[in-house]
Amino acid sequence: RATMKSLQFISAEAFVSNAEFARKSLSGVVHNLFPLLFKASYLLEQGEVIHDLVENWPLVDFNLGKLLGATVDYQEDLSHRTCSVCLESCLTGLRDYVLNHPSPYVKRLKVVDLTGIKDVEVQFCECKKTTGRWARTQLLSKLCLELLVYLQQTQCNPGTSEISIDVLIDLFVTERNYELVAQALLKKCYCPLKICCVAFRFDNLALQKFFYIIKLTDPSLLRKLEIVHNVRLEMEHLEKLFNSVHFPLLMSLTLPARTFNVRRFTATDERMLTNIGEKMGEMLQLTELSMPFSILTGRIQKLLSPLKMPLKMLDVSNCSLNHADIAYLANSFHANHLEALDLSGHNIPDLYPSVFFKLLRHSSSVLRSLTLEDCNIQDTHVNMLILGLSPCQKLQEFKFLGNPLSSQALKHLFTFLSELPMLKNVEFPVPRDCYPVGITYPIDDANLCRFDQQKYERVTADLNLILLQANREDVKASTPLFGSYDAAVQETNNELGAYLIKSFKETLEKVTISLNKMT
């Protein structure tokens, strides 16, 4: 459906559509029209005009998310367009703002906020080329270093050195761009463009490098910290991090798989766990916590009870939680505030159905996202599940891949789901009856795709018909066999793949050496 545009926005589009004319005429444009012209240029992917608008930006702040978001003149939100032409023009325009303005003394720009950009799977820009979070990190770091070199080598206007612009950004560092970003952060005090890291994601990075670069950012500004793939952070390293670096504004923390990977806790392990819990308790803003694939049996209370703020998001998927853990969650002050919960990998129906449904009941007034993948939910549990989900009227997303449900059970469940008024996204499993008889759950990767494709498509059509008949075309139902879309993984998958192959090779070499020693 076409989004309505005001006459003023239509005029702005007409103005910027002729790039040569627009660039020549910018000096005569009143300042309060710059945001309007910027959004129109972004929509039409007029890179040269975007560059010149930013280079001559007359306002105190430049907030990309707000500029591209819904406005009175044009309601469509463009902040999910990570168009390369537009974003690269934007950043080079920022560099040239520092260099090329005739009078640095009248420059007003103090804050540039690049954090409002959203990386999504489907792009609608004409160029079809995106600049994701990793590439934005790379480009900004490169431009800052180039700017420093240029200022050192050239006789610039003396006022240029007085320019100081805070550039708020969500950084994403891997082994491949580590050196560049580390250099940019190390020298940021000398650069007119000051990189201010609001959120930081790390993948494929040695621990030593992680500890070095995290201290180069200003941790007191950090609101989100994601340590995700191939960073070998274990419990003692996490304790060291929390003891040496303070995160007063941290709201969201994601830890890599197996951070807590101790099957038999010693007294030292218990002390470390207690200390980590207390340190998290000092993070007075912490409301989102993700720690998948760790062994946390019987220890959730020790980790979470020191927290001062109730959690809004909790991911404890595949963490071997027991009845006491779920009971603590259900009775804790976190339960009434949980907006997103991931309990995947736990045999909920057999181990602790009653306390789980108590947890659902307590969080039902706010719960927006629920993930129960590989939880052994079978046909006999569907009525119980419907009963548990009934109070969750604000649920927007429900993911339950990997559960052994028949096509009939799925249809029954979808009939109920179509009645949840806020629901927008459902990820459902391939029905059990589409797989060969005797398939065991959880299904391994080798057998995951060995199902009757035609039968699956017929069932999917039936499920979509249920939604259609309930006037719920707004609900997206899908079966992403290998997990949901992750923009960061998508952008760096080549590096991630190379790292995994290298790790596998190293493991094989160690096994070979051990076998040779035995013979």
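The values are calculated or read from the model by the stated rules, or taken from the named source; none is laboratory data. Remember, predicted model here, so these are calculated numbers, not experimental data. A quick note on method: Cβ atoms are made from the backbone with ideal geometry, for glycine too, and the neighbour counts reach across all protein chains shown. Just the protein is used for accessible areas: all its heavy atoms, side chains included, with ligands, DNA and RNA removed. Shrake-Rupley method; radii C 1.70, N 1.55, O 1.52, S 1.80 Å.
Using only helices, what value at 222 nm comes out for the chain when you add -39,500 (n - 2.57) per DSSP H run of length 4 or more and divide by the total residues, to the nearest 500 deg cm²/dmol? Write down the numbers at each step before the final one.
Details: 21 runs with 224 residues, N = 519.
Only helices count here, giving -13000 deg cm²/dmol.
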Notebook entry, point to check: Once phi is turned into θ = phi - 60°, what whole-Hz ³J(HN,Hα) does the Karplus curve with 6.51, -1.76 and 1.60 give for every residue of the range 222-235, x standing for Gly and Pro?
Noted result: 5, 9, 9, 10, 10, 10, 10, 9, 6, 10, 7, 8, 10, 4
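For the pair VAL111 and PHE482, what calculated FRET efficiency results from E = 1/(1 + (r/R0)^6), where r is the Cβ-Cβ distance and R0 = 45 Å, to the nearest 0.05?
0.65
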Margin query: Need the full-extension length gain, MET384 to GLN285, defined as separation in residues times 0.36 nm minus the C-alpha distance. One decimal, nm.
Written below: 32.1 nm
Margin query: Can you sort ARG264, ARG361 by solvent-accessible area, 1.4 Å probe, largest first?
Written below: ARG264, ARG361
Checklist line | Extreme residue, positive dipole direction of the chain, given options LEU286, CYS127, PHE428 (C-beta unit charges) | finding: LEU286
Notebook entry, point to check: Using a 1.4 Å probe on the protein chains only, how many percent of the accessible area of the chain belongs to carbon and sulfur?
Noted result: 54 percent
Next item on the list: Can you give me the P(r) profile for the range 177-310? Cα pairs, bins 10 angstrom wide beginning at 0, each as a whole percent.
Entry: 12, 43, 33, 11, 2, 0
Check: Given the range 7-131, what whole percent of its Cα pairs are spread farther than 24 Å?
Finding: 21 percent
Item checked: For LEU289, distant residues with modelled amide H under 5 Å away -> LEU253, MET313, LEU314, ASP315
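Note down the Stokes-Einstein diffusion coefficient of the range 152-205 in µm²/s, whole number, using a Kirkwood radius over alpha carbon pairs, 10 °C, and 1.306 mPa s. Walk me through the intermediate numbers first.
Details: Rh = 12.7 Å.
D, rounded to a whole number, is 125 µm²/s.
Taking the Cα centre of the range 173-314 as origin and charging only Cβ (+1 Lys, Arg; -1 Asp, Glu), how large is the dipole, in debye to the nearest 20? Display every interim value, and only then the final one.
On the way: 20 positive and 13 negative charges, 25 e Å.
The calculation lands at about 120 debye.
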Check: In bins 5 Å wide, starting from 0, what share of all Cα pairs of the range 355-456 does each bin hold, as a percent?
Finding: 2, 12, 23, 24, 18, 10, 7, 3, 0
Notebook entry, point to check: Where nothing but the Cβ of Lys and Arg (+1) and of Asp and Glu (-1) is charged, how large is the charge dipole of the range 7-131 around its Cα centre, in debye to the nearest 20?
Noted result: 340 debye
Check: Using the Kirkwood formula over every pair of different C-alpha atoms, what hydrodynamic radius in Å results for the chain?
Finding: 25.9 Å
Notebook entry, point to check: Going from the alpha-carbon gyration tensor of the range 1-71, what semi-axes, largest first and in whole Å, does one get by taking the root of 5 times each eigenvalue?
Noted result: 18, 15, 11
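Relative contact order, percent, of the chain when contacts are C-alpha pairs under 8 Å separated by at least 6 residues?
Details: 895 pairs, mean separation 38.4, N = 519.
Once divided by the residue count of the chain, the mean separation gives 7 percent.
Using a simple charge model, +1 on the beta-carbon of Lys and Arg, -1 on the beta-carbon of Asp and Glu, nothing else, what dipole does the chain show about its Cα centre, in debye to the nearest 20?
Working: 54 positive and 57 negative charges, 155 e Å.
With only Lys, Arg, Asp and Glu charged at Cβ, the dipole is about 740 debye.
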